[in-house]
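The values are calculated or read from the model by the stated rules, or taken from the named source; none is laboratory data. Not measured: the values here are computed from a predicted model. Cβ atoms come from the backbone with ideal geometry, glycine included; neighbour counts cover every protein chain shown.
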Amino acid sequence: MNIENFKKTRIKKGLTQKQIADILKVKRGTYANWECGNDLIPIKQIHNLSNFYKLSIDYLLGLNTNNKVIIINKNELNLKQISTNLKYIRKKAKLSQKNFAESININQSTWWAYENGKTLITTHTLIAIYNKYGYSIDYILNNS
């Protein structure tokens, strides 16, 4: 993951870390740690940042520099749609929940919770799916 686009986009828009932190309702230091790559930004926050900039999550996380623009601005993450997309990805890979979870280094109960819309998937897990199976985070989150 390459988070250089966080800083580049913020500077291009003429904004400070403090201004972005205020928009995301976090402390400047928290945002600075995300921008510097010291901490992984939570999926709700990267979604909010994506909506604010009207840029794809994949682009902001440096996963796909060709997919910059979001056509539809999504206000909220939809757990039901995310779970449907996760189940589709697993079935397309022709793997059981256990085998899929193992393939991305999480436990089966965690995957079950994601796939059944009980818990919002983490940024770390989304990146693992992208790296292993090539599915766009924007696709998984229904963000485009």
>> Quick check on my filter: what residues within the range 1-51 are over 25 Å from Asn78 (Cβ atoms), outside any helix (DSSP H, G or I) and free of Cβ contacts under 8 Å to residues at least 24 places away in the same chain?
In response: Gly14, Leu15, Thr16, Lys27, Asn38, Asp39
> Counting just the residues of the range 86-144 that are of a type in the set (Asp, Glu) and closer than 17 Å to Ile43 by Cβ, which one comes out modelled with the lowest pLDDT?
Replying inline: Asp138
>> Quick test of your reading of the structure: Ser103 fulfils all but one of (1) surrounded by 14 or more Cβ atoms within 10 Å (Cβ to Cβ); (2) more than 20 Å from Tyr139 (Cβ to Cβ). Name the failing condition by number.
In response: (2)
>> For the range 8-24: of the residues being over 17 Å from Asn48 (Cβ atoms) and of a type in the set (Lys, Arg), which is surrounded by the most Cβ atoms within 10 Å (Cβ to Cβ)?
In response: Lys8
